[in-house]
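Please read the structure below before turning to the comments.
The values are calculated or read from the model by the stated rules, or taken from the named source; none is laboratory data. Since this is a predicted model, take the numbers as computed values, not measurements. Reconstructed Cβ throughout: ideal geometry from the backbone, glycine too, with neighbour counts over all protein chains shown.
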Amino acid sequence: MNIDTLRTDGFVTVQYPPNLRTLVMTAMASWQAFCKLPPEEKSKLSQQTDRTVDFGYMRRTDQGKAADDKELFHLVGKNLPQIYRQAADIADPRATLFIKAIDALLRESAPLVREFAHEVERVYHLTGFEDEVMSSQDNWTFRLLHYFGGAKILAYRHPDRKGFTLHLNESAPGGEYLGFDHIWRPWTVSEKQTIIFPSMELQYRSAGMLKALWHQILSTPETIHTGRYAMVAFIDFRHSHRVEGRTQDFEPGFNYDIPFEEFRKVFVPRP
């Protein structure tokens, strides 16, 4: 794993281990099958009693220029027992098969995440970083997305909030990243390789050494009509501060060139 590209390109390109690649493809197929269930069945995996709980099934109908027309599913390790119980109440077996596929992917992703965290700690001298990441495994979030299409921009430009992002799979091209020269380029994601990139909290943790990568998802002539599926993992770790406000509201690339003392002003202490 060539970790040096975090400073030059903003991300690391990773060849999938065969076992992990198999589970990624299985999970993606399971997500696409789950999306075909009737809305009332999918909603049984949503946290309907508390919308501040960010796990389970969600159908987003936000408004505004940065809104995405999508359905998504968040699986957080600590919530697996509850999600399994909810899936058991759905008669269609696709629900439970979907949860099992994501559960297996969560466990098989751990060695790759550890390797990345170990190399970041070693190369960039972030003492204790590997332990911080691996001891937070129950808080990693696996996000599965289904964009419905119909717009030129499927996901508005933004950096991610958590520690770092493992981009697992996408059903079609259209993903772009903003390079440190402030030029948008397609990213190098395929069935055989993926990318890992820093998010806002890793930029804070590294005192500005590693930059949170801006990215967006554009429609292609096909996906503007057919929609698009994607799957990512947000790797969290114990952290003293969080970003205040929506990352979509910042100026693209604002964090690339400013001093750390300026960057840290967008954070507030965690409760």
Filtering region 20-37 for residues that are under 15 Å from Asp92 (Cβ atoms) and either part of a helix (DSSP H, G or I) or basic (Lys, Arg) (or both) leaves a count of 7
Flagged pairs (Cβ under 6 angstrom, 6 or more apart or on separate chains; first in region 251-271, among the aromatic types (Phe, Trp, Tyr); second assigned to a loop (DSSP other than H, G, I, E, B)) are Tyr256/Phe180; Tyr256/Lys211; Phe260/Ala207; Phe260/Gly208; Phe263/Gly208
Whether any residue in region 127-150 is over 18 Å from Val76 (Cα atoms), buried (at least 16 other Cβ atoms within 10 Å of the Cβ) and touching a Ser or Thr at 6+ places or on another chain (Cβ under 8 Å) is what I want to check. yes
Apart from one, (1) touching a Phe, Trp or Tyr at 6+ places or on another chain (Cβ under 8 Å); (2) loosely packed, with under 14 Cβ neighbours inside 10 Å; (3) among the aliphatic types (A, V, I, L, M) all hold for Val243; the odd one out is (2)
Any chance Ile153 is free of Cβ contacts under 8 Å to residues at least 24 places away in the same chain and closer than 21 Å to Thr220 by Cα = no
Practice prompt. Inspect all residues belonging to region 89-99 and state whether any of them is modelled with pLDDT of 90 or more, of a type in the set (A, V, I, L, M, F, W, C) and under 19 Å from the mean Cα position of the chain (by Cα).
Written response: yes
When Glu201 is run through (1) among the charged types (D, E, K, R); (2) in a loop (DSSP other than H, G, I, E, B); (3) under 18 Å from Leu6 (Cα atoms), the failure sits at (2)
Of the residues in region 156-176, those that are surrounded by fewer than 22 Cβ atoms within 10 Å (Cβ to Cβ), over 10 Å from the mean Cα position of the chain (by Cα) and more than 18 Å from Lys70 (Cα to Cα) number 1
Flagged in region 132-176 as of a type in the set (Ser, Thr, Tyr), at pLDDT below 95 and under 23 Å from Gln193 (Cα atoms), in numbering order, are Thr141, Tyr147, Ser171
Exception for Gln216 within (1) under 20 Å from Phe254 (Cβ atoms); (2) touching a helix residue (DSSP H, G or I) at 6+ places or on another chain (Cβ under 9 Å); (3) among the polar types (S, T, N, Q) falls at (2)
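One line per residue, one yes/no per condition, for (1) more than 25 Å from Pro252 (Cβ to Cβ); (2) in a helix (DSSP H, G or I):
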{"position": "Asp103", "(1), (2)": "yes, yes"}
{"position": "Val113", "(1), (2)": "yes, yes"}
{"position": "Ala151", "(1), (2)": "no, no"}
{"position": "His167", "(1), (2)": "no, no"}
{"position": "Phe180", "(1), (2)": "no, no"}
{"position": "Thr188", "(1), (2)": "no, no"}
{"position": "Glu191", "(1), (2)": "yes, no"}
{"position": "Thr194", "(1), (2)": "no, no"}
Those residues of region 185-207 that are buried (at least 16 other Cβ atoms within 10 Å of the Cβ) and in contact (Cβ under 8 Å) with a residue 24 or more places away in the chain come to a total of 14
Matching residues in region 208-229 (buried (at least 18 other Cβ atoms within 10 Å of the Cβ), on the phi < 0 side of the Ramachandran plot and in a loop (DSSP other than H, G, I, E, B)) number 6
